[in-house]
Amino acid sequence: MTFNKIDKQVSTEPGVSRKTAASIGLFGAVSIIIGSTVGVGIFFKNGNIFKNNNGNPWGVLFSWIIAFVVALAIAYSFGEIVTCKTKSANSGLAGWYERLIGYRSGRLVKILLPLLYYGIYVLVDAIFFSEAIFNCFSQNNKINYGNSTMWYVILVALAGIFIFATLNLFCSKALQKTSNVTTILKFIPLALVIFTGIIFGCINKDQNLFVNGSITTTDGQEYSGKFSFTGMLDSLPAIFFAFDSFLIIGNIAGEMKNPNKNIPLSIVVSMIVAGILYLLVTIGQICVGCGSAYAVFDFVFANNATAKSVFHYIISIFIFISIFGVLNSMTMGAIRSFDSAVEEEIIVGSKWMKKISNGKFLMKGFILLSLITAFYTIIFGIPSGVMNTDQIFDGVSNFIVLAFFGIYAVLSAASIFNRYNGHAPEVIKQKWQIPAAVIGSFGCFFVFGYGLIWQFCGNIANNANNEFKAWGLFNENKITLTYAQAALWFWVMCGIMILVPFLNELGIKATDKNYDQPFFWQKQKKTIVA
């Protein structure tokens, strides 16, 4: 990928000096992206992908390969998109939308990012972080809450969000260094699963899914080995979750060295590294017939209870460190997105948050993060606690990723038209941009359409009362949602995605009579009084 020299953007965020704005290099950017991307999906989602594909090894691999090709194509297309200049160096996805498509779509994305994407994503990551903590004290390859319930998991998750958000206020640079360390450490459990799975799967082929079609695995799953095309498609949203967050770097562009070169490079490099790792881990798990990283070592040490227990704790601790890094990186990006949204006064109550933050850098983001976390904890946390299941959080995470890959696809498709529009914003053109944008945008639209039209609409008629096992990380001794209930949550999320922007704008209109910015349904004014 070749990039020509253009002027370097400098952060316009309050409290970010030029010295700070150039503190993150290419390695730091790659560390932040990998830190926020790798560590949850591959460890927590693969079990459901194996279930959806009936343990068929080629169905599992094709699921990952298809998602990887689509995600990489989208990421590559953003290598050109991110080079267009935006009003704020840290505006990220919303800024690129505004420049390439227009004010109204840009404002809509500015609202959706903090109020929907980051608001839900941080909470879900915190739930996984909490479950990883509980699993460190488990005696098997499943989370064992003992006398605790989902309520405890939610409380620990909220504590995790508060701690990371607070640390961002007082030691942001230390968290960036921590992100580099945890990124390196998370390669340890990945390497252990890869090499252990492949080596022992080749030595003992009893559980190797490449050799045996129908098996009962060491973690109690019964696989028929039958290839399922629909099962492969059902797996794609969960796999997209493993590739998402690659655009988080756009929210800290103002703190990077040479962002116009390092942002696109870091995105593509990170996606390639992540994709290769995911495929190797999946092959290792297929070789021992286990969708769970924990269960790989149950297979290897099936006849040695002591070694089995020791390795369970070792892997649990490293996976916890990995998810620790993910929550760290995600909170780092989210709090900056929130701070920028409040600074631009596009969120209801922004003036109040700016007033009580007293000019302290990131305090506005901290306040908004707290409010949004409380809001979604009520919506998703209360029913999850009552039902004692994590399926709702898992399903919500799949939806939000699926929806935003659709948003990425729209911008990727717009980049094609930008090539032929004489009045379009200037970008640094790169080779293969158009085929990458076509493949990425088509793939995302297809997967979203499949979920919208078939998985949670047409498919419900024949399966309404059947158990829906595609969501949920650890469902033992907990209620399992039905297809109808899962579809209901999917459509609730669709409703939230539509209503939240309107409610935000109406809230601003009702509480701020002197508001001088056009809402997302209005055309941009030629001049806006500051």
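Couplings for region 309-324, taken from phi via the Karplus curve 6.51 cos²θ - 1.76 cosθ + 1.60 with θ = phi - 60°, read 5, 4, 5, 4, 5, 4, 5, 4, 5, 5, 5, 4, 4, 4, 6, 4 Hz in order; Gly and Pro are left as x. Between Ser224 and Asn258, full extension at 0.36 nm per residue minus the direct alpha carbon distance yields a gain of 7.0 nm.
Taking the Cα centre of region 362-497 as reference, the dipole from Cβ charges on Lys and Arg (+1) and Asp and Glu (-1) amounts to some 440 debye. If the chain linking Phe170 and Asp206 were pulled fully straight, counting 0.36 nm for each residue of separation and taking away their Cα-Cα distance, it would gain 7.6 nm.
What the Kirkwood sum gives for region 371-441 is a hydrodynamic radius of 15.2 Å, with every pair of different alpha carbons counted.
Entry comment: accessible area of region 30-139 is 21 Å² per residue, from protein heavy atoms only and a probe of 1.4 Å. Quick one: go through region 368-394 and flag any residue whose amide nitrogen is under 11 Å from the point 7 Å out along the Cα-to-Cβ line of Ile356. Answer for this model: 368, 370-371.
Highest mean packing comes first when the peptides 387-397, 270-280, 449-459 are listed by Cβ atoms within 10 Å, giving 387-397, 270-280, 449-459. Karplus-derived 3J(HN,Hα) values for region 265-278, using 6.51 cos²θ - 1.76 cosθ + 1.60 with θ = phi - 60°, are 5, 5, 5, 5, 4, 5, 5, 5, 4, 4, x, 5, 4, 4 Hz; glycine and proline are entered as x. Placing unit charges on each Cβ (+1 for Lys and Arg, -1 for Asp and Glu) gives region 238-384 a dipole about its Cα centre, and among Ser340, Cys287, Asn304 the Cα reaching farthest toward its positive end belongs to Ser340. Amide H contacts under 5 Å for Gly213: none, restricted to partners 5 or more places along the chain or on a different chain, H placed in the peptide plane at 1.01 Å from N. Each peptide in 330-339, 42-51 receives the mean, over its residues, of other Cβ atoms within 10 Å, and ordering these scores from highest gives 330-339, 42-51. Directionally averaged projected area (region 326-475, Cα convex hull): 13.5 nm². For a modelled paramagnetic label at Leu155, 7 Å from Cα along Cα-to-Cβ, the residues of region 368-389 in reach, with backbone nitrogen under 19 Å, are 374-375, 377-389. Based on protein heavy atoms only, region 339-451 ends up with 40 Å² per residue of surface accessible to a 1.4 Å probe. Pairs from the table (Lys85/Lys364; Lys360/Lys429; Lys186/Lys257; Lys110/Lys257) lying more than 29 angstrom apart at Cα are Lys360/Lys429. Seen from all directions on average, region 414-508 presents a Cα convex hull projection of 11.0 nm². Take the alpha carbon atoms of region 90-129, find their center, do the same for region 51-78, and report the distance between the two centers in whole angstrom. Centre-to-centre distance over Cα atoms comes out at 24 Å. Annotation for Glu344 and Asp512: the two label points, set 7 Å from Cα along the Cα-Cβ direction, are 1.3 nm apart. Close amide-amide hydrogen proximity is noted between Ile24 and Met256, Lys257, each under 5 Å apart and 5 or more residues distant or on a separate chain (H modeled in the peptide plane; Pro and chain starts excluded).
Using a probe radius of 1.4 angstrom, the carbon and sulfur fraction of the accessible surface of region 374-485 is 65%. Across region 485-495, coupling constants 3J(HN,Hα) worked out from phi with the 6.51/-1.76/1.60 Karplus curve, θ = phi - 60°, read 5, 5, 5, 4, 5, 4, 6, 4, 5, 4, x Hz, and Gly and Pro carry x. So if R0 is 60 Å, what FRET efficiency would Leu499 and Ser214 give, r being the distance between their Cβ atoms, rounded to the nearest 0.05? In this case the efficiency is close to 0.85. Reported value for region 41-87: 88 Å³ per residue, from the convex hull of its C-alpha atoms.
The values are calculated or read from the model by the stated rules, or taken from the named source; none is laboratory data. In this text the structure is predicted, and so the values were computed from the model without any measurement. FYI the Cβ positions are ideal-geometry reconstructions off the backbone, even for glycines, and counts take in every protein chain you see. Side chains included, ligands, DNA and RNA excluded: accessible areas come from the protein's heavy atoms. Shrake-Rupley method; radii C 1.70, N 1.55, O 1.52, S 1.80 Å.
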